[in-house]
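The values are calculated or read from the model by the stated rules, or taken from the named source; none is laboratory data. Because the structure is predicted, anything quoted here is derived from the model rather than measured. Glycine gets a Cβ as well: all are built from the backbone with ideal geometry, and neighbour counts include every protein chain shown. For the accessible areas, the whole protein counts, side chains as well, though only heavy atoms, and no ligand, DNA or RNA atoms are used. Shrake-Rupley method; radii C 1.70, N 1.55, O 1.52, S 1.80 Å.
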Amino acid sequence: MNKIARFIVEKRILFFILFAVLIVYCVFGMSKVGIEYSISSYLPKNTDTAKALDIMENEFVTFGTTKIMVKNVTFERADSLYREIKALEGVKSFTFENSEDYYNDACALFNITFVGDDGDAASVAAFERIKEILAPYEFVIPVPLVDSFVEELARDMVIILAIAAAVIILVLLFTSKSFAEILVFPIVFGVAALLNMGTNYWLGTISFISQSVCIVLQLALAIDYAIILCHRFTEEKEINPGNAKEAMVSALAKSIPEISSSSLTTVSGLVALMFMQLRLGYDLGMVLAKSIICSLVTVFLLMPGLLLTISQWMDRSRHRNFVPKIRFWGKGIIRVRYILPALFLCLFAVCGYFSQQIRYVYSENAIDTARPTSTMTAVRETQEVFGYDNMFVILVPKGDYRKERLVLDTVEAEPMVNAALGIANIEIKDGYYLSDSIGYRDFAALTDVSDTLAVNVFRMYAVLNEDYWAVTADRIDDYRVTVIELLDFVFDHDEYISLDDEQQADFDDLKTMLKDGEAQLIGNTYTRLVFNIDGAIEAPETFALIERLIPAVKAIYPEAIFAGESMSAYDLNDSFVSDNLLISLLTIAFIYVILMFTFRSWGIPAVLVLVIQGAIFINFSLPVLMGSNLFFFVYLIVSAIQMGATIDYAILITNRFRELKAETDKKTAIVETLSAAFPTIFTSGSIMTVAAFLIGFISGEPLIASIGMCLGKGTLISIACVMTVLPALLYLLDKPLEKTVFRKRERIKRTSKRNLLTQAVTLLGRLSAPPPDAADGTPPAAPPDAGAKRETETTENKETL
């Protein structure tokens, strides 16, 4: 470590240049990082929702839509608005009529389809124009074409980061040893954050959650590493005054192992997230773990040079220690040492039970929040007036319209399904559906053309499809073709059909409707069937409906694939059960193994993990006690970070207690341990807590906010447990825990010491013994080189001793 540290210190200018190059690279790389805003896209590839999303993206056209509810308006005025909006350029279709589906309780519901998707300029312009038209009225938009979510989230995170940075600097001023050292921390963190954000380009696309919370969590999780190195450098300068370079070499050599071992527990908790079936865990775990590595690299390679640059300013700006001694706290813990563990074990059991009763939700719109987004509010208001708008999609192999019609009828027969749409059940004229098989007379009645023209169309279709048997006059009456196939043929060969102006207008309207319907409902290999469920996305009765529909539809189409918000929630619920158990076990296992090697004991890690797991149980019993739900992913990420990051506080206290216990009695050791550990825990814990609560209070995105609130509360609870329960347990269980320490290495050391003692006694005897006398009392004659030989032997013995 000394060699590595010396190399880093001596080559600090080279590292300055290297980091400058990396910063330039990362600034350009940041702009190329893709952001994914759909959680459903991270579902396991074998789930129906993931399969359906891939198929629909590749095979179907999806036009942009918006849903707007205009409140406190008469039907006549709503109808006037409907006509004005329908005439706008960029609006493709818009249906509105005097029925409870469109007008109810003085509210009008506008479902508008645009000519393009949400990125189409004409569609966006039409959407903005619609909002201008409706500006004099009271309206809400439960389904916006263009959502301002991205811009609002980015603005929130800038505010959060600015306030977090200011608060952290204040905390560092309180806990630092000189004012000048504060200048280094923003530089180190800024460079580490740039490295992490720029290298996200290597991952291609990251989730909006990782993009939003990572920089703040990186600041909270990794600031400790810079604090450790800075304080170690200050201590080494006091030991070796006047030689800042050697002090930095010594400080860095001692800090690298300490910081690396501290980061292992944090990284292990994040790595555990990467084993989730839901790939969102891999995304967030990878980005956060990479952020820790970037912070380590920056602290080890860049920060030493920066500290040496301002070393003299640090000496000139030293100030007294503002952090008070809290020996009274340790004395109080000793007085209640029997009560605290008993109370903790009771809380562990009770809160452990409550934490398993959490009501998880899988849709962002279902999150209980005191500050709902405008879209969430609009959705709830619209549901109160017009009921639920819960789209459910079934994809089936295309080509068999009879089976498609059977699926549509089967699903529509369910009481909770109030709408069904598919190519097979589209009625183009009274009594005629696109999936019906018709003869030429039916075609003539459907299109208002002559029988002669209809016969010619059928014969042409028969010839081009090699159905030559149907061409003759006596067989054409028996020839039947599905409406959709015949219309497709007619539209593709309309140059052979002569129509008057009125027929041509009807023909063009029918052609537009059919082509749009086919683009949205028929793909290369699949047909899309769309339904509306009159029920909440995650209601038990909705999940029960899905469980009934899956076997019923699979009996008709074994290859059927299901999608929709309710299906996505159903799939997420299915994967969460296994992910929850897996992440919890992996996090505990990884950290336990690391602690076992750290303390060379199997008992001490168990106590530390028990304390932090108890803090996690207490944290996640709060939503149950307050009657609120919790987004499923919040539990996974917060529990992993809380275990991986806050257990460092427990490690710090345990290490310090074991060191002091070797020098003094247990009572004094506990008192001094808590007093000595308080500045570090206060600094790190307050930074983590402030950063998390800032996310929770400022972010307008309920998912991001709930992560911040849970992590902030979890950090506070962990600090409370570590500062109260852990020292009481260490004091009471000191002797049993010492028996769990691995002793094999110590026995080897004792044996080696006895052997060395024996050799030392022998050498001392040889060195102190006088030379043997001759018989006459005079020393024996020595050979010419005897003196030199004896001197060499004595020197060797002394060196060995």
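Among the residues of segment 571-583, which ones are of a type in the set (A, V, I, L, M) and open to solvent by less than 10 Å² (accessible area, probe 1.4 Å)?
Residues satisfying the conditions are LEU572, ILE583.
Checking SER38 against (1) hydroxyl-bearing (Ser, Thr, Tyr); (2) surrounded by 17 or more Cβ atoms within 10 Å (Cβ to Cβ); (3) free of Cβ contacts under 8 Å to residues at least 40 places away in the same chain, only one condition comes out false. Which one?
Here SER38 meets the rest and fails (2).
(1) under 16 Å from GLU701 (Cβ atoms); (2) free of Cβ contacts under 8 Å to residues at least 24 places away in the same chain: which one isn't true of ASP368, the others all being true?
Unmet for ASP368, out of (1) under 16 Å from GLU701 (Cβ atoms); (2) free of Cβ contacts under 8 Å to residues at least 24 places away in the same chain: (2).
Within segment 98-112, track down each residue that is surrounded by 14 or more Cβ atoms within 10 Å (Cβ to Cβ) and either touching a residue at least 12 places away in the same chain (Cβ under 8 Å) or out of contact with any Phe, Trp or Tyr (no Cβ under 9 Å at 6 or more places or on another chain) (or both).
Residues satisfying the conditions are ASP101, TYR103, ASN104, CYS107, ALA108, LEU109, PHE110, ASN111, ILE112.
Filter segment 362-381 for residues that are open to solvent by less than 10 Å² (accessible area, probe 1.4 Å) and over 16 Å from ALA539 (Cα atoms) and give the result.
MET376, ALA378
Only one of these is in contact (Cβ under 8 Å) with a residue 40 or more places away in the chain, closer than 30 Å to ILE394 by Cα and open to solvent by 70 Å² or more (accessible area, probe 1.4 Å): LYS45, LYS51, LYS32. Name it.
Working: LYS45 fails: in contact (Cβ under 8 Å) with a residue 40 or more places away in the chain; LYS32 fails: closer than 30 Å to ILE394 by Cα.
Selected residue: LYS51, the only one of LYS45, LYS51, LYS32 that is in contact (Cβ under 8 Å) with a residue 40 or more places away in the chain, closer than 30 Å to ILE394 by Cα and open to solvent by 70 Å² or more (accessible area, probe 1.4 Å).
Could you tell me which residue of segment 54-81 is modelled with the lowest pLDDT, considering only residues that are open to solvent by less than 30 Å² (accessible area, probe 1.4 Å) and either at positive phi or part of a helix (DSSP H, G or I) (or both)?
The residue in question is ILE55.
Hey, among the residues in segment 584-642 that are within 25 Å of LEU730 (Cα to Cα) and outside any helix (DSSP H, G or I), which one's most open to solvent (accessible area, probe 1.4 Å)?
First, the residues of segment 584-642 that are within 25 Å of LEU730 (Cα to Cα): 584-585, 587-619, 639-642.
Applying the additional criterion that residues be outside any helix (DSSP H, G or I) yields 600-602.
Working: ARG600: 123, SER601: 0, TRP602: 138 Å².
Residue satisfying both the conditions and the ranking: TRP602.
Checking the condition closer than 16 Å to ASN418 by Cβ, buried (at least 17 other Cβ atoms within 10 Å of the Cβ) and either of a type in the set (Phe, Trp, Tyr) or under 34 Å from the mean Cα position of the chain (by Cα) (or both), which residue from LEU545, LEU521 passes?
LEU545
Anything in segment 254-282 that is part of a helix (DSSP H, G or I), open to solvent by less than 10 Å² (accessible area, probe 1.4 Å) and farther than 17 Å from GLN642 by Cβ? List them, or say none.
Passing the criteria: SER255, ILE259, LEU280.
Do you know which of the residues in segment 153-198 that are among the charged types (D, E, K, R) and more than 16 Å from LEU307 (Cα to Cα) is surrounded by the most Cβ atoms within 10 Å (Cβ to Cβ)?
ASP156
Taking the criterion of being open to solvent by less than 30 Å² (accessible area, probe 1.4 Å) and part of a helix (DSSP H, G or I), would at least one residue in segment 134-145 satisfy it?
no
List the number of the failed condition for THR205; all other conditions in (1) surrounded by 18 or more Cβ atoms within 10 Å (Cβ to Cβ); (2) within 26 Å of TYR42 (Cβ to Cβ); (3) among the polar types (S, T, N, Q) hold.
In the conditions (1) surrounded by 18 or more Cβ atoms within 10 Å (Cβ to Cβ); (2) within 26 Å of TYR42 (Cβ to Cβ); (3) among the polar types (S, T, N, Q), THR205 misses (1) alone.
Given the criteria open to solvent by 30 Å² or more (accessible area, probe 1.4 Å) and without any contact (Cβ under 8 Å) to a residue 60 or more places away in the chain, does ILE85 qualify?
no
Somewhere in segment 438-452, is a residue farther than 23 Å from ILE426 by Cα, aliphatic (A, V, I, L, M) and without any contact (Cβ under 8 Å) to a residue 60 or more places away in the chain?
Looking for residues that are farther than 23 Å from ILE426 by Cα, aliphatic (A, V, I, L, M) and without any contact (Cβ under 8 Å) to a residue 60 or more places away in the chain, one finds none in segment 438-452, hence no.
Hey, does segment 405-420 have a residue that's basic (Lys, Arg), within 17 Å of TYR526 (Cα to Cα) and either in contact (Cβ under 8 Å) with a residue 12 or more places away in the chain or outside any helix (DSSP H, G or I) (or both)?
For segment 405-420, residues basic (Lys, Arg), within 17 Å of TYR526 (Cα to Cα) and either in contact (Cβ under 8 Å) with a residue 12 or more places away in the chain or outside any helix (DSSP H, G or I) (or both): present.
Out of all the residues in segment 694-708, is one or more under 20 Å from VAL607 (Cβ atoms), surrounded by 19 or more Cβ atoms within 10 Å (Cβ to Cβ) and in contact with a helix residue (DSSP H, G or I) (Cβ under 7 Å, 6 or more places away or on another chain)? Reasoning before the result, please.
If we filter segment 694-708 for residues that are under 20 Å from VAL607 (Cβ atoms), which is where we start, we get none.
No, that holds for no residue.
Considering every residue within segment 211-218, establish whether at least one is of a type outside the set (A, V, I, L, M), under 21 Å from the mean Cα position of the chain (by Cα) and open to solvent by 30 Å² or more (accessible area, probe 1.4 Å). Full working, then the answer.
In the first step, residues of segment 211-218 are kept if they are of a type outside the set (A, V, I, L, M); the result is 211-212, 214, 218.
In the following step, the residues that additionally are under 21 Å from the mean Cα position of the chain (by Cα) were identified as 211-212, 214, 218.
Now narrow it down to the ones that are open to solvent by 30 Å² or more (accessible area, probe 1.4 Å): 211.
Yes, the conditions are met somewhere in segment 211-218.
Could you tell me whether any residue of segment 113-132 is touching a helix residue (DSSP H, G or I) at 6+ places or on another chain (Cβ under 8 Å), open to solvent by less than 20 Å² (accessible area, probe 1.4 Å), more than 30 Å from ALA692 (Cα to Cα) and free of Cβ contacts under 8 Å to residues at least 60 places away in the same chain?
Yes - at least one qualifying residue is present in segment 113-132.
Take segment 657-675 and flag every residue that is surrounded by fewer than 19 Cβ atoms within 10 Å (Cβ to Cβ) and without any contact (Cβ under 8 Å) to a residue 40 or more places away in the chain.
If the condition is that a residue be surrounded by fewer than 19 Cβ atoms within 10 Å (Cβ to Cβ) and without any contact (Cβ under 8 Å) to a residue 40 or more places away in the chain, then GLU659, LEU660, ALA662, GLU663, THR664, ASP665, THR668 are the ones that fit.
Counting only residues that are aromatic (Phe, Trp, Tyr) and loosely packed, with under 14 Cβ neighbours inside 10 Å, which one in segment 449-481 is nearest to HIS493 (Cα to Cα)?
Of everything passing the filter in segment 449-481, TYR468 is nearest to HIS493 (Cα to Cα).
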